[in-house]
Amino acid sequence: MDRRKFIKNSALASSLFFVPNFVKAFETVASERLGYKRLVIVQLAGGNDGLNTIIPHNNDLYYNARPRLAISKDLIKLTDDLGFHPSLNPLRPLFDNGELSIINNVGYPNPVRSHFRSMDIWQTASGSDEYLQSGWIGRYLDQYGKQPYNAMEMDEQLSLAMKGEHLNGIATNDYKVLYNTAKDPYFKNVINHYNDAHLSEHNLGYLYQTMIEAKSSANYIFENTKVKPSHKIYPQNKFAKQLKNVAQFINSGLDTKVFYTSFSGFDTHANQINKQARLLTHYSESVSAFVQDLKQNDTFKDTLILTFSEFGRRVKQNAANGTDHGSANNVFVIGKNLKTAGFYNKLASLSDLDANGDLKYSIDFRSVYATILSQWMEVSAEGIIPNQQKLLDFI
């Protein structure tokens with residue numbers, strides 16, 4: 001650029017900052033377009049009992065079906081009809097602040113009561129009669145991702161949800177271990193022996209490409225996470241550790257759009273009362289600490305938290321003071337800019353159950369996914385969620 005053009009362009013750029021409308025417009029672009037929104041998924045593995053999580057405290061049918069399991073003492077009444085399990089008290093501020101939306105009766109047609117099959121359905125967004133080999137987050141990566149670290153799972157193994165047809169997310173429960181593993185001499189030696197011909201081979205090429213991407217991702221995560229370690233005090237449990245890692249990644253500005261976490265133990269066939277109370281305490285205290293951590297770092301406004309379980313439990317208690325596998329369940333959505341906070345819809349009728357004695361579903365879980373993709377991630381659900389799904393109004 002010659003001197004005359006330089007002066008002209010410099011003057012133009014300088015003058016623009018004295019125009020209030022330009023500055024305001026620039027701030028809008030910076031906040032809305034230059035940043036990005038993140039999704040944090042929490043999977044309650046085992047089939048959480050939704051009916052003792054969100055309690056129909058004014059319904060005699062509930063107490064009649066569960067003479068030993070029904071929650072009456074210390075329950076947290078939220079409306080005239082529904083309330084929280086006492087262990088969810090740490091989430092009460094989120095409910096009161098309009099930062100929690102509870103979607104009832106979420107499921108799918110012809111529900112499956114097998115843990116593994118139902119979890120596959122939720123993770124792939126398939127129908128009960130479909131068998132897909134890629135997950136819905138994996139397909140999101142295929143279309144909109146560039147690197148494996150664009151979607152991360154806080155575990156040693158990658159769930160089906162995170163596996164795409166062309167690109168997988170990355171799994172790690174300790175990014176420092178992942179980094180050190182990628183530096184291992186054997187790992188480096190294997191990578192050094194690949195060449196372009198190897199990359200064109202079907203199986204060997206896939207292996208080498210995966211290893212190369214894993215090493216690159218490990219370096220990226222390690223270097224960027226040193227920027228802003230989390231100093232928030234979290235509860236002492238494995239699930240809380242996952243969320244603390246996620247908060248550190250988010251607050252450090254990692255270019256990761258989706259984080260996947262899992263909390264197991266919810267298969268409460270026997271002695272459910274104390275077991276579920278402990279699990280929900282760990283869940284709610286950990287999520288509360290996580291949200292506070294994000295708020296302190298001004299990243300909560302760009303984060304949406306989705307909690308689901310592969311199915312609910314039977315309405316009627318069993319002989320072992322527990323509940324058996326059911327179908328429809330509640331889903332929690334936590335975020336700053338929810339359009340419909342509180343209870344998104346009413347609980348399904350306890351007098352009109354399905355043939356197995358389960359709550360009837362009224363909202364397809366794939367509509368929840370499609371809404372998040374469209375309204376939060378701002379991408380098309382086409383090619384990610386099979387079949388066109390009705391969009392909901394919680395975001």
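The values are calculated or read from the model by the stated rules, or taken from the named source; none is laboratory data. Just so you know, these numbers come straight off a predicted model, no measurement behind them. Note: ideal-geometry Cβ built from the backbone for every residue, glycine included; neighbour counts use all protein chains shown. Keep in mind that these areas ignore ligands, DNA and RNA; they rest on the heavy atoms of the full protein, side chains included. Shrake-Rupley method; radii C 1.70, N 1.55, O 1.52, S 1.80 Å.
Here are a few things to note about the model shown:
Conditions (1) open to solvent by less than 20 Å² (accessible area, probe 1.4 Å); (2) closer than 20 Å to Phe263 by Cβ; (3) within 17 Å of the chain's Cα centre (by Cα), marked per residue:
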{"residue": "Asp74", "(1), (2), (3)": "no, no, no"}
{"residue": "Asp81", "(1), (2), (3)": "no, no, no"}
{"residue": "His85", "(1), (2), (3)": "yes, yes, no"}
{"residue": "Lys146", "(1), (2), (3)": "no, no, no"}
{"residue": "Ala151", "(1), (2), (3)": "yes, yes, yes"}
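- Picking from residues in the stretch 62-72 that are in a loop (DSSP other than H, G, I, E, B) and over 18 Å from Ser284 (Cα atoms), the one that is most open to solvent (accessible area, probe 1.4 Å) is Arg68.
- For the stretch 330-380, taking the residues that are of a type in the set (S, T, N, Q) and crowded, with 20+ Cβ neighbours inside 10 Å, the one that is farthest from Val258 (Cα to Cα) is identified as Asn330.
- Out of Asn330, Asn356, Asn345, Asn321, sole residue that is part of a loop (DSSP other than H, G, I, E, B), touching a helix residue (DSSP H, G or I) at 6+ places or on another chain (Cβ under 9 Å) and touching a residue at least 12 places away in the same chain (Cβ under 8 Å): Asn321
- Flag if Arg113 is within 16 Å of Val287 (Cα to Cα), open to solvent by 10 Å² or more (accessible area, probe 1.4 Å) and out of contact with any Ser or Thr (no Cβ under 6 Å at 6 or more places or on another chain): no
- Reported count of residues in the stretch 275-301, each being touching a residue at least 12 places away in the same chain (Cβ under 8 Å), over 15 Å from Gln236 (Cβ atoms) and open to solvent by 10 Å² or more (accessible area, probe 1.4 Å), is 6.
- Every pair of residues 6+ apart whose Cβ atoms lie under 9 Å, when the first sits in the stretch 103-124 and is part of a loop (DSSP other than H, G, I, E, B) while the second is open to solvent by less than 40 Å² (accessible area, probe 1.4 Å) and among the aromatic types (Phe, Trp, Tyr): Tyr108/Trp122; Tyr108/Phe365; Pro111/Phe311; Val112/Phe311; Arg113/Phe311
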